[in-house]
Each structure stands twice: as structure tokens, then as C-alpha cells.
Amino acid sequence: MTLFGTAPSPYTRRIRILLQGHDHQFEPLSFWRSEEDLYDRFGPVAKIPLLEDGGLQIFESRVIYKYLTEKFGGSKLDWDEENQVSVIDAMSDSLVNLFIIKSSGLDTTEDVKYFRIQRKRIVDSLDYLAKLAEQGAFTEWKYPAISLYTTLDWMRFRELWPIEHPSLLQFLESHQSREDVNLTDPRKEEKS
Ligand SMILES: N[C@@H](CCC(=O)N[C@@H](CS)C(=O)NCC(=O)O)C(=O)O
């Protein structure tokens, strides 16, 4: 089984954390330098992560999670957890989009509708997730908590957005000494 991605990618890192302890290879891609390669190899969507297992290719972190859950056994997400992951993914997508736009040389602080929508989604999602964290929703190290951790830590690593909610800071601190978190820390192994 081979996972393709980049070390900093929050979507890739969550799958890497799930794969700890299972026989697999991680194939780091230099994503920002090889868009054409990525397209040729991974099809029209050309996003990471991508999992190859035998002849099978699985796109989308959430679908990869379902695949690994079926393969190795693991709990299906309940509806509350599905909603938590939907919010984390929507916020992560907005951050990824702003990051790509900024690295294309555009000013994402400009007061235009598209940027306003992304920024509001990030602010509102952080508020929502912070409330859930206060209620203990991310205490267990399951897929929603892993997904939240990798996105928040990527936001810090790339200095994309300040994390100021005490419950989110406390959440990060409570999981930061885990071995799977440390083994996948992009600060230690950035390849892109
Ligand atoms: N919905 C996808 C999102 C994956 C994603 O956005 N990955 C980023 C890297 S962190 C990417 O490949 N971005 C390239 C692009 O948006 O063109 C998933 O959950 O796997």
C-alpha cells in the first residue's frame, strides 16, 4: 500500500497518522513543482492524498478513511462526527485555496467577495470547532480529532491564521506528544 502526498499537507498527514502501525510506504511529492506529473498520474482532480493498494487507486481523504476502516476494521463515523469532519474539511479547503492564491502572488486580504466568504468560513468554523472542543468532542483520538489536529497544526506551521481559542490551544497541547503526531511532523520532514 502506498500513500502519495506531501509532508505538510493536512489532508495527507491525517491519513499518515491512520496508517501508523500498518505496512505501507509514504511517497512524498514535490507538489508545487510538478503539477503536470500529478495530473498525469492522478487524474483530473489532481489533489493529494492518494492511496494505491494493489491495482486500486483511492482519492479523497474521507474516502481513504472509509477504505482503511473496511480494510483494517475501525469505527464508522456517526452523524455528529460526519458533520465535524465536514466543517473541518470546508475550513481546510478555504485555507488551502487562500494559500494557493497567495502563493500565486495575489493579495488575499483584499476586500472582495470571494476572499470575504473564505475568511468568514474560517472564522465561523473556528468558533464552532472551539465550542465542540470545549464540550469534549475531540478528546478521543479518532478521525475527527486527527483531522482537526492536522489542520490546526498546519495553520501554525504555515502561519496561515492565528489560533486563539483557549479550547483549541488546549486541544493541540493535549495531543502534541503522541508518537504518530511526532512521526508525521512536517517541521521534521518537509519535502516540498
Ligand atoms: N477533498 C480533498 C482535499 C485535498 C486537498 O485539497 N489537498 C491539497 C493539498 S493539502 C491539494 O492537493 N490541493 C491542490 C489544489 O487544490 O489544486 C481530500 O479530502 O483529500
The chain, Gaussian network, Cα under 10 Å: of 53, 111, 80, the residue fluctuating most is 111
Out of 180, 107, 124, a Gaussian network model of the chain with alpha-carbon springs under 10 Å gives the largest mean-square fluctuation to 107
Listed by chain and number, the lysines with an alpha carbon less than 21 angstrom from that of residue 71, same-chain partners under 8 positions apart left out, are 142
Reduced to Cα centres, the span from segment 71-141 to segment 1-21 in Å works out to 18
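Take the Cα radius of gyration of segment 58-117 and divide it by 2.2 N^0.38 Å, with N its residue count; two decimals is plenty. Present the calculation step by step, with values, prior to reporting the outcome.
Values: Rg = 16.1 Å, N = 60, 2.2 N^0.38 = 10.4 Å.
For segment 58-117, the normalised Cα radius of gyration is 1.54.
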Within the set 51, 68, 152, GNM on the chain using Cα springs under 10 Å gives the largest fluctuation to 68
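Averaged across orientations, what area in nm² does the convex hull of the alpha carbons in segment 12-128 project?
Values: hull surface 36.6 nm².
The directionally averaged projection comes out at 9.1 nm².
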For segment 176-189, Karplus-derived ³J(HN,Hα) couplings (6.51, -1.76, 1.60; θ = phi - 60°; whole Hz; x for glycine and proline) come out as 6, 8, 4, 5, 5, 5, 5, 5, 10, 5, x, 5, 8, 8
Taking every alpha carbon pair in segment 2-74 and sorting the distances into 10 angstrom bins from 0 up to the bin holding the longest one, the percent per bin comes out as 19, 58, 20, 2
D (µm²/s, integer) via Stokes-Einstein for segment 94-192, Kirkwood Rh across alpha-carbon pairs, 37 °C, 0.692 mPa s: value 223
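Per residue of the chain, what 222 nm ellipticity follows from adding -39500 (n - 2.57) for every DSSP H run with n ≥ 4, rounded to the nearest 500? Write out the running numbers ahead of the final one.
On the way: 9 runs with 111 residues, N = 192.
So the calculated ellipticity at 222 nm is -18000 deg cm²/dmol.
Taking only complete DSSP H runs, can you tell me which helices of the chain stretch 18 Å or more along their own long axis by Cα positions and average at least -1.0 on the Kyte-Doolittle scale? Show your work: numbers first, answer last.
Details: long enough: 79-103 (35 Å, 0.17); 113-134 (31 Å, -0.53); 143-157 (21 Å, 0.22).
Sorted by number, the helices that extend far enough and score high enough are 79-103, 113-134, 143-157.
Using 0.36 nm times the number of residues separating residue 56 and residue 76, minus their current alpha carbon distance, what extension gain do you get? Intermediate values should be presented prior to the final figure.
Values: separation 20, 0.36 × 20 = 7.20 nm, distance 2.14 nm.
Taking residue 56 through residue 76 to full extension adds about 5.1 nm, to one decimal.
Every number in this text was worked out from the coordinates using simple rules, so none of it is lab data. On a predicted model such as this, the values are computed, not experimentally measured, just so you know.
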